[in-house]
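Here is the structure we will look at.
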Amino acid sequence: MMERPVVERRAAALIDHTTAIQAENVHAWFDRLHALRGITMTIPERKVTAVIGPSGCGKSTFLRCLNRMHELVPGARVSGAVLMDGRDIYTPGVDPVQVRRRVGMVFQKPNPFPTMTIYENVAAGLTLAGEGSRKTLDEIVEQSLRAAALWDEVKDRLRKPGTSLSGGQQQRLCIARALAVSPEVLLMDEPASALDPASTLRIEELARDLAKDITIVIVTHNMQQAARVSDFTAFLLDGELVEYGPTNDLFTKPRERRTEDYITGRFG
Amino acid sequence: MAVITCGCTLLVLAPLFFVLVFLVGTGWSALNWDFFTRLPGAAGETGGGMTNAIAGTLLLISLAGVVGIPIGVLGGTFLAEYPAARLSQVTRFAADVMNGIPSIVMGLFAYVLIVLPMRHFSALAGGVALGVMLIPTVMRTTEEIVRLVPHSVREASLALGIPQWKTTLRVVIPTAAAGIVTGIMVGLARIAGETAPLLFTAFGNRFWNWNVLRPTAALPLQIFAYAISPFDDWHRQAWAGALTLVSIVLMVNIVARYAASRQVKSR
């Protein structure tokens, strides 16, 4: 049988999956700085999608457009559409608070709440929203910590401050905290860039495991990480989506010259 | 150069040192059990104490806290969370101006606002006068401390789907709590020694009073009254009162320092 053309095969690979998020012509600004210039891409459900690119290419900005965190920066603006279940999360009347409940986020530096214990940190999303009885909270906290591969390390010291953990543990605590409100999508903004290699590996394994149940979008400047962890990879440059497709294809047979230059380390 | 700066530092410290030494030297001998447990004696009579004035000062500080702390803390939080808002700029300027208003004017303000309509002096009026003085101090320290809360903490909360106002009340303020408490205590220590705003508000009282609508005794007022009296025993007690007042202020400051150092360690 004749091999199908590369482009067609790539499109097919994406169509085979259910869509979690559909970004359509997303532009973003910081005051006058045009940081994203019309990103259109489909993020498949229950897969790991990596967004790579050099510093300042807009990859973090793109991520923050997916849960309406970008608009929190003074002077920031977004245009275009981000569809979830066919509905644009930027439609007037959509509450950003509800969007963020469905699309969780983990940040570059671990940021547990400094005044809260490990338990309180994980439960925070529910307790601060006034939800969850004592008993269900206990269950959710355990489930979330197990899902974040942290339970065995902290089960005997749930009442200790979250900040008493090591950096890698704090980051997994933040993942558990995000998971506790059962999001459909988890955005990870360079989640391992502040961690040592062993902790980095654990976070990567975790991202793969979590993708069995939820959609993961991970921003990274580390191409090996993208290659190890993701099913699909998007390459952003100067606020534009240069290339997007199955990770393996993008790294072995890049279609675009610029992608090839970047992944072979000619710039970035 | 080092000699000059060192000398100036000593010059700054010298008055504090002499005040403290003199205060302890003269006040200590008048301190006794009676001083803390008895009401003031009749004019010219030896003995008696300032128990009601100590209690009155505590009452006034509490009232001032009730008035000044909520406004100061919430106002300061607003200044920190919306630093560029027009209202913030105006408020910040107003707070700085308020800090510079002579304390006797604050007393006058409470006199017109509360004493005149009620037709008599009261602890309430004194408490309000002190409370208004407390607002700018608490507000500006709260602003500074809340601004120190890392942005990442706010983002973590917002990204969990916690609304902005809940993030501020339940995450940002608790994170800044130790620093805010320090600011409050420093503010309280400052107003504890104020005399002028109490002259025609709390007025003073020779007897026990726990009713906020009645005039009350206060340490600074009692010290003033005793110091200008012609009786040696009262002069002695005025010194003892001054020593007590300074000790209260010092203690509050030490507790505040301790709380602040704990805050730094927990970071």
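The values are calculated or read from the model by the stated rules, or taken from the named source; none is laboratory data. Just so it is clear, the model here is predicted, and its values are computed rather than measured. Backbone-built Cβ (ideal geometry, glycine too); neighbour counts: all protein chains shown.
Looking at this structure, is B:Gly179 on the phi > 0 side of the Ramachandran plot, within 14 Å of chain A (Cβ to nearest Cβ), of a type outside the set (Asp, Glu) and in contact with a helix residue (DSSP H, G or I) (Cβ under 8 Å, 6 or more places away or on another chain)? Break it down into steps so the answer makes sense when it comes.
Working: on the phi > 0 side of the Ramachandran plot: no; within 14 Å of chain A (Cβ to nearest Cβ): yes; of a type outside the set (Asp, Glu): yes; in contact with a helix residue (DSSP H, G or I) (Cβ under 8 Å, 6 or more places away or on another chain): yes.
In short, no.
Among the numbered conditions (1) away from every other protein chain (no Cβ under 14 Å); (2) within 18 Å of B:Leu79 (Cα to Cα); (3) in contact with a Gly (Cβ under 6 Å, 6 or more places away or on another chain), the only one that B:Ile184 does not meet is (3). Scanning the range A:85-98 for residues that are in contact with a strand residue (DSSP E or B) (Cβ under 8 Å, 6 or more places away or on another chain) and within 14 Å of chain B (Cβ to nearest Cβ) turns up A:Ile89, A:Val94. Taken over the range A:67-84, the residue count meeting the criterion of being surrounded by fewer than 20 Cβ atoms within 10 Å (Cβ to Cβ) and at the interface with chain B (Cβ under 8 Å from one of its Cβ atoms) is 2.
So, in the range B:75-108, exactly how many residues are in a helix (DSSP H, G or I) and either within 14 Å of chain A (Cβ to nearest Cβ) or surrounded by 15 or more Cβ atoms within 10 Å (Cβ to Cβ) (or both)? Going through the range B:75-108 one residue at a time, the tally reaches 17.
Checking each residue in the range A:28-72 for being over 20 Å from A:Arg258 (Cβ atoms) and part of a strand (DSSP E or B) picks out A:Ala28, A:Trp29, A:Phe30, A:Leu33, A:Thr42, A:Ile43, A:Pro44, A:Val48. Only a single criterion out of (1) at pLDDT below 95; (2) surrounded by fewer than 16 Cβ atoms within 10 Å (Cβ to Cβ) is not satisfied by A:Cys57, namely (2). Entry remark, the range A:103-112: residues being over 21 Å from A:Ile39 (Cα atoms) and either facing chain B (nearest Cβ under 8 Å) or crowded, with 22+ Cβ neighbours inside 10 Å (or both) number 6 in total. Candidates are the residues of the range B:123-163 that are touching a helix residue (DSSP H, G or I) at 6+ places or on another chain (Cβ under 7 Å) and among the polar types (S, T, N, Q); the one that is nearest to the other protein chains (Cβ to nearest Cβ) is B:Ser157. Taking (1) without any contact (Cβ under 8 Å) to a residue 60 or more places away in the chain; (2) part of a helix (DSSP H, G or I); (3) within 11 Å of chain A (Cβ to nearest Cβ) in turn, B:Val172 satisfies each apart from (1).
Among the residues that make up the range B:9-31, is at least one of them in contact (Cβ under 8 Å) with a residue 12 or more places away in the chain, closer than 14 Å to B:Gln222 by Cβ and outside any helix (DSSP H, G or I)? Scanning the range B:9-31 turns up no residue that is in contact (Cβ under 8 Å) with a residue 12 or more places away in the chain, closer than 14 Å to B:Gln222 by Cβ and outside any helix (DSSP H, G or I). Mind listing whichever residues of the range B:182-214 are within 12 Å of B:Leu59 (Cβ to Cβ), assigned to a helix (DSSP H, G or I) and not hydrophobic (A, V, I, L, M, F, W, C)? Of everything in the range B:182-214, nothing turns out to be within 12 Å of B:Leu59 (Cβ to Cβ), assigned to a helix (DSSP H, G or I) and not hydrophobic (A, V, I, L, M, F, W, C).
Just to be sure before I move on: is A:Ala234 in a strand (DSSP E or B) and either small (Gly, Ala, Ser) or modelled with pLDDT under 95 (or both) in the structure I sent?
For A:Ala234, the condition - in a strand (DSSP E or B) and either small (Gly, Ala, Ser) or modelled with pLDDT under 95 (or both) - is met.
Within the range A:142-178, the residues that satisfy the criterion of being assigned to a helix (DSSP H, G or I) and surrounded by fewer than 17 Cβ atoms within 10 Å (Cβ to Cβ) are A:Glu142, A:Gln143, A:Arg146, A:Asp152, A:Glu153, A:Ser164, A:Gly167. For the range A:115-141, the set of residues classified as surrounded by fewer than 18 Cβ atoms within 10 Å (Cβ to Cβ) and within 8 Å of another protein chain (Cβ to nearest Cβ) consists of A:Ala129 only. Scanning the range B:156-166 for residues that are modelled with pLDDT under 95 and outside any loop (DSSP other than H, G, I, E, B) yields B:Gln164, B:Trp165, B:Lys166. Would the range A:237-248 turn up any residue that is surrounded by fewer than 15 Cβ atoms within 10 Å (Cβ to Cβ) and part of a loop (DSSP other than H, G, I, E, B)? No, that holds for no residue.
Taking every residue in the range A:152-170 that is within 14 Å of chain B (Cβ to nearest Cβ) and pairing it with any residue that is part of a loop (DSSP other than H, G, I, E, B) and hydrophobic (A, V, I, L, M, F, W, C), at least 6 positions away or on another chain, the pairs with Cβ-Cβ distances below 8 Å are A:Pro161/A:Met116; A:Gly162/A:Phe113; A:Gly162/A:Met116; A:Gly167/A:Ala194; A:Gly167/A:Leu195. Taking the range A:186-201 as the range and being away from chain B (no Cβ under 12 Å) and either more than 16 Å from the chain's Cα centre (by Cα) or not in a helix (DSSP H, G or I) (or both) as the test, the residues that pass are A:Glu190, A:Pro191, A:Ala192, A:Ser193, A:Leu195, A:Asp196, A:Pro197, A:Ala198, A:Ser199, A:Leu201.
Among the candidates A:Val99, A:Val82, single out the residue that is touching a residue at least 24 places away in the same chain (Cβ under 8 Å), assigned to a strand (DSSP E or B) and not small (Gly, Ala, Ser). Within the list A:Val99, A:Val82, the selection yields A:Val82.
In the set A:Gly93, A:Gly132, only one residue is in a loop (DSSP other than H, G, I, E, B), modelled with pLDDT under 95 and closer than 16 Å to B:Leu160 by Cα; that residue is A:Gly132. Residues in the range A:125-151 that are hydrophobic (A, V, I, L, M, F, W, C) and touching a helix residue (DSSP H, G or I) at 6+ places or on another chain (Cβ under 6 Å): A:Leu128, A:Leu137, A:Val141, A:Leu145, A:Ala147, A:Ala148, A:Ala149, A:Leu150, A:Trp151. Return yes or no: is B:Ser247 of a type in the set (Gly, Ala, Ser), within 30 Å of B:Gly25 (Cβ to Cβ) and in a helix (DSSP H, G or I)? Here the answer is yes, as B:Ser247 does meet what is asked.
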